[in-house]
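Enquirer: After the structure tokens below, expect a handful of questions from me.
The numbers here are math on the coordinates, done by the rules we state, and not lab data. Computed from a predicted structure; not experimentally measured. With ideal geometry, Cβ positions are generated from the backbone for all residues, glycine too; neighbour counts draw on all protein chains shown.
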Amino acid sequence: MWNDTLHMKAPGNWINDPNGFIYYRGEYHLFYQYFPYAPRWGTMHWGHAVSRDLVHWEHLGVALYPTKGYDQNGVFSGTALELDGKLCLYYSAVRYLRQDEEDIHIPPDDAYVTSQAMVISEDGRTFDNMGAKRQIIPVLGDESLGDAKDTRDPKVWKQDGLYYMILGSTFRKEQGKALFYRSRDGLHWEYVNQYSSPEFRTMLECPDLFRLGETYVLLGSPMGVTPPEIEYANHAMWGLADFDHPTCTLSLKGPLEYVDYGLDLYAPQTTLDREGRRVFIGWMRMPQAAADPGDGRGPWNGMMSLPRVVELRQGKLCFTPHPNVESLFRPVEGDWNQAIRQRPFRLKATLHAGEALDVCGYRIALEDGRIVTDRSQVFPHLPNHRTVAQTPALDGESCRLDVFVDDHLIEVFVDDGRYVVSHVVYGLKDRLEGPVEELFTLREDR
Ligand code: FRU
């Protein structure tokens, strides 16, 4: 099996959303949507990786796979919860209505139904896919409740002795909404309430509701945020919310904002780390598979962002690299040109109005008061993919950058996480120009 440092990458073939992210029995567990047969999306499994520190990941292979009639075509996204010392994984179970005789891994006409299911693992390492699964919410039969196909991605939590679940859904793919269920034991669930908002666009995927201090934050991935002809139309967003547990009454306090001002991050999930911080990981969408890095995993498509700590500052959600990321790097002494050939590396800089930093062909500029990034030199020429992105207007005449550079991912933290811009890149060129203040490379002595 493979190991990854800093960014968890597909162990060959295809991964998408992070799933079941949890600190359990002294380890972080990160599951993920996994198609183990080719570097493209298909019948979903849950892959599994563990880490002691959120930065060194050990891949453990497939955890969940289709075994039941209700999940025969896919174990879709969901979350983990510790219950009486056991690890419960909640997921969406997919069953296609027809079969494509030439490709059983894709639903013809996008026709399928979805129910919600769970698996109970005694130890978080072994998963009895035959014996320990149960269907907990059947396919919805009433469209005023939720969509029979597009109701998915359970996020489960415990509050005041009861268990709660939020699901993403839609009314006829016209209006996204969130459904709430409640349970006394984590096994038997009853519908409680729902909330829809034009902010959820046509469909809400991967909702995550949590509290930071006294404030509720809704994180989710609405579909149809930007025009469908440009990649990507679906984006991860956050909003402040009011939420009442007894009645499961949710309301957004204002418009949703982007989680990341790059173009690729999607379907993030949060959990509490060992110290009780709210930590976030998102899927970085890749338009093409990357080549085998030399460890035999073969072509791979899909990777995870850095683990980021989520904080509220003046009513805005900010994302900073997890403290364990800090200890991974040491300052570069000597030859910077040599250092940037080894990845990952990190650099810090201050940009003033009109200045630009060129990181191995990826351009970061402060133009008209915004950070503008351009990856056109380090990205394939694809007709529908954008290469230029920008943040909203910043406050001052200059800004601080903290940039993490890996072979296929550049993450730019602007002004201590006020904004983050993350982009997938290919074929980085060894070039570094601009106002670099400090350069760091990976610390080997760990
Ligand atoms: C988001 C998503 C989820 C779904 C999963 C399927 O990327 O579409 O809504 O559960 O991916 O792989």
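Enquirer: In the stretch 221-234, which residues are surrounded by fewer than 20 Cβ atoms within 10 Å (Cβ to Cβ), outside any strand (DSSP E or B) and within 16 Å of the ligand (Cβ to nearest atom)?
Expert: If the condition is that a residue be surrounded by fewer than 20 Cβ atoms within 10 Å (Cβ to Cβ), outside any strand (DSSP E or B) and within 16 Å of the ligand (Cβ to nearest atom), then GLY224, VAL225, THR226, PRO228, TYR232, ALA233 are the ones that fit.
Enquirer: Could you say which residue among ASP53, ASP84 is on the phi > 0 side of the Ramachandran plot and away from the ligand (no atom under 14 Å from the Cβ)?
Expert: Values: ASP53 fails: on the phi > 0 side of the Ramachandran plot.
Of the residues listed, the single one that is on the phi > 0 side of the Ramachandran plot and away from the ligand (no atom under 14 Å from the Cβ) is ASP84.
Enquirer: Where in the stretch 301-392 are there strands (runs of 3 or more DSSP E), lying fully within it, with 1 or more residues that are among the aromatic types (Phe, Trp, Tyr)?
Expert: 316-321, 329-331, 345-352, 362-367
Enquirer: Note down all Cβ pairs under 6 Å where the first residue falls in the stretch 247-259 and is surrounded by fewer than 21 Cβ atoms within 10 Å (Cβ to Cβ), the second is of a type in the set (Ser, Thr, Tyr) and not in a strand (DSSP E or B), and they're at least six residues apart or on different chains.
Expert: Correct list of pairs: LEU252/SER197.
Enquirer: Of all residues in the stretch 56-81 being within 17 Å of LYS149 (Cα to Cα), of a type outside the set (A, V, I, L, M) and within 14 Å of the ligand (Cβ to nearest atom), which is surrounded by the most Cβ atoms within 10 Å (Cβ to Cβ)?
Expert: GLY78
Enquirer: Which one is nearest to the ligand (Cβ to nearest atom) among residues in the stretch 25-50 that are assigned to a strand (DSSP E or B) and aliphatic (A, V, I, L, M)?
Expert: MET44
Enquirer: For ASP260, all conditions in the list (1) under 12 Å from the mean Cα position of the chain (by Cα); (2) among the charged types (D, E, K, R); (3) part of a strand (DSSP E or B) hold save one; what is the number of the exception?
Expert: (3)
Enquirer: Ok, one more. Among the candidates ASP109, ASP147, ASP142, single out the residue that is outside any loop (DSSP other than H, G, I, E, B), free of Cβ contacts under 8 Å to residues at least 60 places away in the same chain and of a type in the set (Asp, Glu).
Expert: ASP109
Enquirer: Looking only at the stretch 153-196, filter to residues that are of a type in the set (Asp, Glu) and out of contact with any Leu (no Cβ under 7 Å at 6 or more places or on another chain); which one of those is farthest from THR79 (Cα to Cα)?
Expert: GLU174
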